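Below is one structure, written out as structure tokens; comments come after it.
The values are calculated or read from the model by the stated rules, or taken from the named source; none is laboratory data. All figures in this text were calculated on a predicted structure; none of them were measured in a lab. Neighbour counts are summed over all protein chains in view; Cβ atoms, including those assigned to glycine, are modelled from backbone coordinates with ideal geometry. Heavy atoms of the whole protein, side chains included, go into the accessibility calculation; ligands, DNA and RNA do not. Shrake-Rupley method; radii C 1.70, N 1.55, O 1.52, S 1.80 Å.
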Amino acid sequence: MINSNLEQFASDNYAGICPEAMDYMIKANQGSAPAYGNDEWTQKAADYFRELFEIDCEVFFTFNGTAANSLSLAALCQSYHSVICHETAHIETDECGAPEFASNGSKLLLAKGENGKLTPQEIESVITKRADIHYPKPKVISITQATELGTLYSIEELLAIKEVAHKYQLKIHMDGARFANSVAAMNKSPAEMSWKSGVDVLCFCGTKNGMALGEAIIFFNRALAEDFDYRCKQAGQLASKMRFISAPWLGLLETGAWLKNARYANQCAAYLENELLKIEGVEIMFPREANAVFVKLPEQVINDLKAKNWLFYTFIGVGGVRFMCSWNTTKGRIDELIGDIKTGLG
């Protein structure tokens, strides 16, 4: 039986609630407060996002990332439009058709790109493939930061995509499931990595960064957020006790824990990568740039690790094993993992 108290490397979703998020949730639990986001916690959290991103943006909160991505994409598209994304994008591989469902049929158009990243050339080739009325009209470019393969778009790469988007009058959506990790890794401001680089709407994840649940949808282009509160309500994403999503967010933001947690997770992944590189027969698959390490291991070693109750993901079409570090990963647990890999390799 798996010991649930032991840290695992399958996902940063496995980690518990960080102290700062828990502390603010407990504070928000004192007495009563107006429902449906009309409370001071939600207002303060939204204002803090505006301060953090240096812009008067519109902010909405949802329970999870699938809803955040799908509803924000639906706000950018009509049902006859299409969204260009990487073939490994989460909206394509792991959201069960939710973007298409939420938009009443907007089609995802897939593009290739090395290390999980879209390129201007690949995007333009998809846009110009067809222009007839029988084909869903491209309307949005969706990028993931950090990508599904743990890599990062540089500011220069983001600006190049922005040029293509402007050329063809497309909007840019950013899936920021690990946006905090990318900010920590690149040492750039959230503004530089989002709206200053052309992003119209960002889905900023709290769950993977130390919260129990909760995502922030940030519209930098406020006009695109018209009636978005109704869209959230219709989709069952308007929390009645919204303060229990927004207060933990405020805890992460006011204390700086959002960046501290991300920086620490990245550091753990760097340590894990360095230890893996010392082992003969182990191959790192993609550049380790945030908090994920993708590694090729012999099938027997993978089976041995599973037999020892290690939890991790393997990905069809990508291959190998992904080890993900989080805010509560420990060096000791990494060392245990490395020891079992060494044992498996003999």
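Values as computed for the structure displayed
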{"quantity": "Checking Glu283 against (1) open to solvent by less than 50 Å² (accessible area, probe 1.4 Å); (2) over 21 Å from the mean Cα position of the chain (by Cα), the condition it does not meet", "calculated": "(1)"}
{"quantity": "So Tyr36, is it out of contact with any His (no Cβ under 7 Å at 6 or more places or on another chain), in the same structural domain as Leu224 (by the TED database), part of a loop (DSSP other than H, G, I, E, B) and among the aromatic types (Phe, Trp, Tyr)", "calculated": "yes"}
{"quantity": "Residue within the stretch 199-206 that is more than 25 Å from Asp229 (Cα to Cα), in contact (Cβ under 8 Å) with a residue 24 or more places away in the chain and in the same structural domain as Ala89 (by the TED database) present", "calculated": "no"}
{"quantity": "Test: residue in the stretch 38-60 that is in contact with an Asp or Glu (Cβ under 7 Å, 6 or more places away or on another chain), under 29 Å from Glu192 (Cα atoms) and either without any contact (Cβ under 8 Å) to a residue 12 or more places away in the chain or surrounded by fewer than 16 Cβ atoms within 10 Å (Cβ to Cβ) (or both)", "calculated": "yes"}
{"quantity": "Enumeration of residues in the stretch 236-264 that are of a type in the set (A, V, I, L, M) and closer than 13 Å to Ala46 by Cα", "calculated": "Met242, Ile245, Ala247, Leu250, Leu252, Leu253"}
{"quantity": "Cross-chain or 6+ apart pairs with Cβ under 9 Å, the stretch 169-196 first and at positive phi, then open to solvent by 10 Å² or more (accessible area, probe 1.4 Å)", "calculated": "Gln169/Lys139"}
{"quantity": "Unique match (being within 30 Å of Gln30 (Cβ to Cβ) and touching a residue at least 12 places away in the same chain (Cβ under 8 Å)) among Gly256, Gly210", "calculated": "Gly210"}
{"quantity": "Residues of the stretch 98-113 satisfying the condition of being open to solvent by less than 60 Å² (accessible area, probe 1.4 Å) and either of a type in the set (Ser, Thr, Tyr) or in contact with a helix residue (DSSP H, G or I) (Cβ under 9 Å, 6 or more places away or on another chain) (or both)", "calculated": "Ala98, Pro99, Glu100, Ala102, Ser103, Ser106, Leu108, Leu109, Ala111, Gly113"}
{"quantity": "Answer residue from the stretch 11-35, given it is touching a helix residue (DSSP H, G or I) at 6+ places or on another chain (Cβ under 7 Å) and surrounded by fewer than 20 Cβ atoms within 10 Å (Cβ to Cβ) and is farthest from Arg243 (Cα to Cα) among those", "calculated": "Asn13"}
{"quantity": "Glu95 open to solvent by less than 60 Å² (accessible area, probe 1.4 Å) and in a loop (DSSP other than H, G, I, E, B)", "calculated": "yes"}
{"quantity": "In the stretch 114-158, the residues that are part of a loop (DSSP other than H, G, I, E, B), open to solvent by 20 Å² or more (accessible area, probe 1.4 Å), closer than 25 Å to Lys208 by Cα and without any contact (Cβ under 8 Å) to a residue 60 or more places away in the chain", "calculated": "Lys117, Ser154"}
{"quantity": "Breaking point among (1) touching a strand residue (DSSP E or B) at 6+ places or on another chain (Cβ under 8 Å); (2) at pLDDT below 95, for Glu7", "calculated": "(1)"}
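For every residue, the table says whether it meets (1) among the hydroxyl-bearing types (Ser, Thr, Tyr); (2) assigned by the TED database to the domain that holds Asn115; (3) open to solvent by less than 50 Å² (accessible area, probe 1.4 Å).
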| residue | (1), (2), (3) |
| --- | --- |
| Arg263 | no, no, no |
| Tyr271 | yes, no, no |
| Asn274 | no, no, no |
| Ile279 | no, no, yes |
| Ala290 | no, no, yes |
| Val295 | no, no, yes |
| Ile302 | no, no, yes |
| Phe323 | no, no, yes |
| Glu336 | no, no, no |
